[in-house]
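The values are calculated or read from the model by the stated rules, or taken from the named source; none is laboratory data. If you're wondering where the values come from, they're calculated on a predicted model, not measured in any experiment. Note that we place each Cβ from the backbone using ideal geometry, even for glycine, and neighbour counts take in every protein chain shown. Surface accessibility is based on the protein's heavy atoms, side chains included, excluding ligands, DNA and RNA. Shrake-Rupley method; radii C 1.70, N 1.55, O 1.52, S 1.80 Å.
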Number of protein chains: 2
Amino acid sequence: MNLIEDTVAAIAPLDEAAMRDARDHQARLTKPPGSLGVLEELSVKLAGLAGRCPPPLPEPAAVAVFAADHGVHAQGVTPWQQEVTAQMVANFLAGGAVVNAFAAQVGAEVSVVDVGVAADLDPAPGLLQRKIAHGTADMTLGPAMTMDEARRAVTAGIEVARDLVADGMGCLITGDMGIANTTASAALIAAFTGLPPERVTGRGTGIDDATHARKVEIVRTALARHGLPDDEATPLDVLAAVGGLEHAAIAGFVLGAAALRVPVVLDGVIAGAAALAAAALCPDAVGACVAGHRSAEPGHAAAIAELGLRPLVDLELRLGEGTGALLALPLVQGSVRVLHEVATFDSAGVSGKDAGTRN
Amino acid sequence: MNLIEDTVAAIAPLDEAAMRDARDHQARLTKPPGSLGVLEELSVKLAGLAGRCPPPLPEPAAVAVFAADHGVHAQGVTPWQQEVTAQMVANFLAGGAVVNAFAAQVGAEVSVVDVGVAADLDPAPGLLQRKIAHGTADMTLGPAMTMDEARRAVTAGIEVARDLVADGMGCLITGDMGIANTTASAALIAAFTGLPPERVTGRGTGIDDATHARKVEIVRTALARHGLPDDEATPLDVLAAVGGLEHAAIAGFVLGAAALRVPVVLDGVIAGAAALAAAALCPDAVGACVAGHRSAEPGHAAAIAELGLRPLVDLELRLGEGTGALLALPLVQGSVRVLHEVATFDSAGVSGKDAGTRN
C-alpha cells in the first residue's frame, strides 16, 4: 500500500508563473486594483494550484461527509449518544440534514463515507462503504487506531478524492460526522501546534462548564498517555494515537485533492485538525486548501492560523457536516469566475484610475 | 406624489409570533441548538419580516445597480474621471463587470437604474431610465439636490422595488455606481450618526494620503455649509443637502422592499448611507435589511453598527456595484432553506442532546 507515499510525491508547489499571470490579469480588470480584497489573492492561489490562468472554474463541487465514531466517547465528553452518528448518517442519506439543504443551495453533491461508524450500515445510494473499524479505541487508554488502520483510513480518503475528481468534480469539500470528534480534534491540534489543551478544546455541540472541564482533562490525559507533542512522532503516529478515522480519511482527502491540483474547501475544526496532519505529511498540500469558514471552536482558529489560511465565512457556525465550507463555495467560485468573465479596461473602453488630469 | 408617505405608512414591525415560531422550529431541527450561529437569527428575522414560518425562500433575487454622478467630483476627491460612471454602466449592460460575474454565480438578475448619470444614456436591455438630473450639484457650494429631486429619486427607488417584486422577485439586492459616491456617503453617514468626518471618510476606490486628507476636509466643509448634523433636519433635507441621487433612490428601494415584506440585502458603504436615510424615514424599515458584507470603508462599519446589523461577509471588499451583497445571497437563502428542508429530531428518528444517560 504505497498510495500515501505516491500521492505525497505527486504534490507540487503552487506555480509561480501562473500566479504572476493571475495578478497581472486582476490588475487589468474593470475594477479598482485590490477592490476584491481577499478574493483576489484566492483567485491567484487557485491559478497557482491549477498551473494556469485562468484556472478552471471550481465546479461541479462535491462534499464528502466522512463519518466515524470515537472510543473516547466513553469518557463522557458529550451529552449526545454515540448512536447519533449513525442516525445522522441516515438523515444525510435521506436528505434531511443541514448539509443537504446547503448543498442544494449551492449546487453541490453530497456523498457520505463510512470510515468508522460503530454501527453496521446498510448499503444506500450516496453511501460509500469504506469502514476501517467500528469506531476508534479510547485514546486515553491506548492508541485510537493501529498504524495499519490509520494508513488505511488515509488511503480511503485519497481514493474518495481521486474517484470524485475522476467523476468530473472540480472542487472538493470536506464534511464530517462523529459524536465526540471535537475531542479528538482538540488532541490532534494540540499535538500538531504545541498549544495547551485548554487553548484548543471547545464546547463542540454545546456542553456545560463541568463537561468542558472534563473534556480538557481528557485531552490532557490522552496527550500525556502518548507523549505528545513529540517532534519525533510521524504524522501517522499522531493520527493513530489520538485521531479519528474521519480525521485520517480527511487528511488523505486533502492529499488526494492536492495531488490532482483540485481545490479542497475545508469545513470546521475536524477538517482543520485533519489538514494539520496532511500538512505535516506534505507542506505543499496546503496549496490546495481553502478555509471555508472559521467555526466557534477555539481549536479551529488555531489550526487555520497554523496553516496560514484566512477563513472566508465567519458566522459563529459550529455544526460541522461540511456546512460552513458549503456556504463558502460560491465565494470560491466567484473569485475564479472574475478571471474568466470580467472585461479589462481596454476591452470595455473604461478609463483607468489616473487616466486624465484630476479635475 | 404621496408614494413616500404611503410606503412608510405600509411598513410594519417584525411579526413577533412568526419569529417565535421560527425559534421554536430551529430548536427542533436535527442539529445542536444554536449551531448555525448568525444564520439562525437571520432566519428568525426573515420569518418576522414575512409574518410566517417558514418565510418564503428569498428567490429569485435581483440586484438593482443605481447609477449617478456627483457634483463634488469637481473638488478632486478621486483620481477617476467622472466619465467612468457611464463607461461602467455600459460595462454592466454588456455583462462585463464583477457584478455580472457574481450575479451569474449566485443566480441573480442585474438591472441598472440611471437615476442621475451625467451623460445621456441610450436605451438598452437591462437599463431602467429614471434619470432625475444629470448628476448632483457640488455639495460644498450648495445643496446637492433640490427637495423635489430628492423626493423624486426616493420615489424612483420605491417604484423599482415595487416593479421587481411584481415581477416575482423574492429578494432584492442593492447595487451602486457613481464616481465620487463614497464622498457623499461619508457626508451622509456623518450627518446621520454624528461621527466626525475623519472617522467615516475612507479611501474609496484607492486614493493616496493627500487626496484622502482633502476628501476629509471636503466632507467637513460640506457638512458645515449645511449645518449638519442637525436634529431639526428631516431625512429628506439631509439627502438633498449632501446625498447622491443613487443614495436617495436606494433609500426608496429599501422602503419599498420593507413595505412589501421582501428582504433587501445591502451592499457596502453607499447602501449603508442610504439605509440610514431609510431608517430615519421609518425605523421599522431596518427589519427588511440584511447587511450583505462589511466593506473596507470605515464609514460602512459605522453605518451598519448604527443600524444594528451584523454583516455576513467580511473579506475587505471595496468594489461596490452590489458585489458584496451578491456574495451574501446564498447565505441568506441557505438560512431560510434550513427552515423549509431540514428534518426534526422526531421526524428523522435522531436522538436529541441529553437523550440518554451520559455514558
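Comparison of B:Gly256, B:Gly272, B:Gly202, B:Gly206 shows that the only residue that is in the same structural domain as B:Gly320 (by TED's automatic domain parsing), open to solvent by less than 10 Å² (accessible area, probe 1.4 Å) and outside any helix (DSSP H, G or I) is B:Gly202.
Please verify whether A:Ala296 is outside any strand (DSSP E or B), open to solvent by 30 Å² or more (accessible area, probe 1.4 Å), of a type in the set (A, V, I, L, M) and modelled with pLDDT under 95, treating the condition exactly as stated.
Yes; evaluated as a whole, the condition is true for this residue.
Filtered by the rule that a residue be part of a loop (DSSP other than H, G, I, E, B), within 13 Å of another protein chain (Cβ to nearest Cβ), farther than 17 Å from A:Gly320 by Cα and in contact with a Gly (Cβ under 8 Å, 6 or more places away or on another chain), the range A:53-76 gives A:Leu57, A:Pro58, A:Glu59.
Quick check on A:Ala68: is it assigned by TED's automatic domain parsing to the domain that holds A:Ala153 and either basic (Lys, Arg) or surrounded by fewer than 24 Cβ atoms within 10 Å (Cβ to Cβ) (or both)? In short, no. The criterion of at least 3 residues that are farther than 16 Å from A:Leu255 by Cα and modelled with pLDDT of 95 or more is met, among helices (runs of 4 or more DSSP H) falling completely within the range A:1-52, by A:16-28, A:38-50.
Take A:Gly34 and decide whether it is over 30 Å from A:Ala144 (Cα atoms), of a type outside the set (Asp, Glu), surrounded by fewer than 20 Cβ atoms within 10 Å (Cβ to Cβ) and out of contact with any Gly (no Cβ under 8 Å at 6 or more places or on another chain). Please lay out each step first, then the result.
Details: over 30 Å from A:Ala144 (Cα atoms): yes; of a type outside the set (Asp, Glu): yes; surrounded by fewer than 20 Cβ atoms within 10 Å (Cβ to Cβ): yes; out of contact with any Gly (no Cβ under 8 Å at 6 or more places or on another chain): no.
No: the conditions fail for A:Gly34.
Selection within the range B:16-31: residues that are open to solvent by 50 Å² or more (accessible area, probe 1.4 Å) and of a type outside the set (Gly, Ala, Ser). The member of this set that is farthest from the other protein chains (Cβ to nearest Cβ) is B:Glu16. The residues in the range A:88-129 that are in a strand (DSSP E or B) and over 30 Å from B:Gly107 (Cβ atoms) can be counted, and the count is 4.
Could you check the range A:344-355 and list, in sequence order, the residues that are touching a residue at least 24 places away in the same chain (Cβ under 8 Å) and either outside any helix (DSSP H, G or I) or more than 7 Å from chain B (Cβ to nearest Cβ) (or both)? Reasoning before the result, please.
Residues of the range A:344-355 touching a residue at least 24 places away in the same chain (Cβ under 8 Å): A:344-346, A:348, A:350, A:353.
A:Thr344, A:Phe345, A:Asp346, A:Val350, A:Lys353 - these are the residues of the range A:344-355 that are touching a residue at least 24 places away in the same chain (Cβ under 8 Å) and either outside any helix (DSSP H, G or I) or more than 7 Å from chain B (Cβ to nearest Cβ) (or both).
Of all residues in the range A:83-103, those that are under 16 Å from B:Gly334 (Cα atoms) and at the interface with another protein chain (Cβ under 7 Å from one of its Cβ atoms) have Cβ atoms under 6 Å from Cβ atoms of residues that are in a helix (DSSP H, G or I) and open to solvent by less than 10 Å² (accessible area, probe 1.4 Å), 6 or more apart or on another chain, in A:Ala97/A:Asn91; A:Val98/A:Thr323; A:Val98/B:Val338; A:Ala101/B:Val338; A:Phe102/A:Thr323; A:Phe102/A:Leu326; A:Phe102/B:Gly334.
B:Val110: open to solvent by 20 Å² or more (accessible area, probe 1.4 Å) and more than 14 Å from chain A (Cβ to nearest Cβ), yes or no? Walk me through it before giving the result.
Working: open to solvent by 20 Å² or more (accessible area, probe 1.4 Å): yes; more than 14 Å from chain A (Cβ to nearest Cβ): no.
No: the conditions fail for B:Val110.
Summed over the range B:308-343, residues that are part of a helix (DSSP H, G or I), in contact with a strand residue (DSSP E or B) (Cβ under 7 Å, 6 or more places away or on another chain) and either of a type in the set (Gly, Ala, Ser) or open to solvent by 20 Å² or more (accessible area, probe 1.4 Å) (or both) total 3.
Scanning the range A:104-136 for residues that are touching a residue at least 40 places away in the same chain (Cβ under 8 Å), among the polar types (S, T, N, Q) and closer than 20 Å to A:Asp148 by Cβ turns up just one, A:Thr136. Contact map, the range A:33-45: first residue facing chain B (nearest Cβ under 10 Å), second residue in a helix (DSSP H, G or I) and open to solvent by 20 Å² or more (accessible area, probe 1.4 Å), Cβ cut-off under 7 Å, separation 6 or more or different chains; pairs are A:Pro33/A:Ala27; A:Gly34/A:Glu40.
Scan the range A:164-179 for residues that are farther than 14 Å from A:Ala271 by Cα and either open to solvent by less than 30 Å² (accessible area, probe 1.4 Å) or assigned to a loop (DSSP other than H, G, I, E, B) (or both) and jot them down.
Within the range A:164-179, the first condition is being farther than 14 Å from A:Ala271 by Cα, and the residues that meet it are A:164-171, A:179.
The answer is A:Leu164, A:Asp167, A:Gly168, A:Met169, A:Gly170, A:Cys171, A:Ile179.
Here the condition is being among the basic types (Lys, Arg), open to solvent by 10 Å² or more (accessible area, probe 1.4 Å) and in contact (Cβ under 8 Å) with a residue 60 or more places away in the chain; of B:Arg261, B:Arg220, it holds for B:Arg261 alone.
Which residue out of A:Leu260, A:Leu266 is more than 8 Å from chain B (Cβ to nearest Cβ) and in contact with a Ser or Thr (Cβ under 7 Å, 6 or more places away or on another chain)? Before the answer, list the steps.
Working: A:Leu260 fails: in contact with a Ser or Thr (Cβ under 7 Å, 6 or more places away or on another chain).
Going through A:Leu260, A:Leu266 in turn, the sole match is A:Leu266.
How about the range A:302-325: which of its residues are more than 8 Å from chain B (Cβ to nearest Cβ) and of a type in the set (A, V, I, L, M, F, W, C)? Answer for the range A:302-325, where residues must be more than 8 Å from chain B (Cβ to nearest Cβ) and of a type in the set (A, V, I, L, M, F, W, C): A:Ala302, A:Ala303, A:Ile304, A:Ala305, A:Leu307, A:Leu309, A:Ala325.
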